[in-house]
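The values are calculated or read from the model by the stated rules, or taken from the named source; none is laboratory data. Here the structure is a predicted model, which is why all the values come from computation and not from measurement. We place every Cβ from the backbone using ideal geometry, glycine too, and count neighbours over all the protein chains shown. Ligands, DNA and RNA are excluded from the accessible area calculation, which covers all protein heavy atoms including side chains. Shrake-Rupley method; radii C 1.70, N 1.55, O 1.52, S 1.80 Å.
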Amino acid sequence: MAKIPGATLFPILNRPLTGIARLAAAAEHTDDGHLIEFRRLEVRSILNKSVSKRMRWLAYSINPYRGCEFGCKYCYARYTHEFMAPKTIGDEEEPVDGSLAPAMNFRDPTSFERLIFLKQNAAWLLEQELKRIDPAMEIALGTATDPYQPIERRAQITRSLLEVFAGKTGYRLGIVTKSRLIERDIDLLVEISQRNTLVVHVTITTPDAKLARILEPRAPRPDLRFQAVKLLREAGIVAGVFGSPLLPGITDNQKALDNLARRASAVGASFFAAHPLFLKPCSRPTYLSFVREHFPSLEADYAKRFAHADFASRTYSTRLAEMVGAACRKYGLRQRWSDDALLTENSMGRRTPPRSVGLPAQHRLFA
């Protein structure tokens, strides 16, 4: 069992790591990218069950990777890396690998995009776990981290999971991504959709390439994402555009929504949806720094909006929903595929999901 390095010098720390911190300590280096390290993570499960007693639903999620290379400024999931951290000595965090090199500070929000963990034996685990769940339950792939982030091109964990689903019948699967890499797997997606319910959600926060580059610095350009939707639709796959999150003072206006909806309609999107930004405490330093640097005139407004709440007000949310509806009507788009189609959330979540939505990502940890 992994123990905290340095425990011989500090006997009080001579106790075993537990849970995900122990798994992180045992994770082996597997690859490197530009300012990014990848480690293999041995996990016991690949399906994460999400239950809401209040909303009376149950669903499952899969995140093949822990951490995400795209580095989206609004990402709610950054805090989850904190669970990987060992105990601390004062303000110093002990290395997880026993080396003399400086430890990765899991409490630094940027660690989420700098240290990526690849879940091992994912396909085998999925095969075993699908035997124990009701196929009618919704399964969302990519709710907290993008299943098609760049490392997937080499690791192919997501593709291995799709190969499992391709051999199944009667499941309800939703995929959320910002990446055109999904085009690689169109063959499997077609096969899955023939015997299962499959809905693909391509997140396109803005068609403005310049804004997208500073907001989602390592995600594919918006035009490439629209092209991915077009190719998915031409293959007969249900695929829509998520214009989320809607950023106050930046993209939360009718002109911006009409522009997104028009582009979605032009590529034959099955639906168009967009929801307000919500800002968890872990996301605020990164996102508000983005606002200060690029939209300084909005800093005071954001400070007021998120001073005491993570979510948008009901009045504001209702107004945005009306604007989204107007854009959909204008360009002949559904707001969601159908009442019984699987409609999952993208990586920034939503406060109250519709009846057909199963995985409110902001209330869930990684699988």
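May I ask you to order 245-251, 255-261 by the average number of other C-beta atoms within 10 Å around their residues, highest value first? Don't skip to the answer; put the middle values down first.
Details: 245-251: 21.9, 255-261: 19.7.
Per-residue Cβ counts within 10 Å, averaged per peptide and sorted highest first, yield 245-251, 255-261.
Please report the base-10 log of the normalised intensity I(q)/I(0) for segment 160-211, using a Debye sum with one equal scatterer per alpha carbon and no solvent, at each q in 0.14, 0.20, 0.21, 0.31 (1/Å).
-0.41, -0.70, -0.74, -1.30
Would you grab the residues whose amide H sits under 5 Å from the one on Arg39? Only those 5+ places off in sequence or on another chain, please, with H modelled 1.01 Å from N.
Excluding prolines and chain starts, which carry no amide H, the hits are Thr30, Ile116, Phe117, Leu118.
My understanding is that a pair violates if its Cα-Cα distance is over 31 Å; which of Lys230/Lys280; Lys210/Lys280; Lys280/Lys330; Lys210/Lys330 do that in this structure?
Details: Lys230/Lys280 33 Å; Lys210/Lys280 25 Å; Lys280/Lys330 33 Å; Lys210/Lys330 26 Å.
Pairs exceeding 31 Å: Lys230/Lys280; Lys280/Lys330.
Ile36 accessible area, nearest 10 Å², 1.4 Å probe?
Roll a 1.4 Å probe over it and Ile36 shows about 10 Å².
Within segment 221-261, whose backbone N sits under 12 Å from a point 7 Å along Cα→Cβ of Ala209?
221-225
Given an 8 Å cut-off on Cα distances and at least 6 residues of separation, report the relative contact order of segment 159-291 as a percent. Intermediate results must be reported in sequence, preceding the final value.
Details: 195 pairs, mean separation 30.4, N = 133.
Rounded, it is 23 percent for segment 159-291.
Treating only the Cα positions of segment 153-303 as identical point scatterers, give the base-10 log of I(q)/I(0) from the Debye formula at each q in 0.15, 0.20 Å⁻¹.
Scattering profile of segment 153-303, log10 relative to I(0): -0.82, -1.20.
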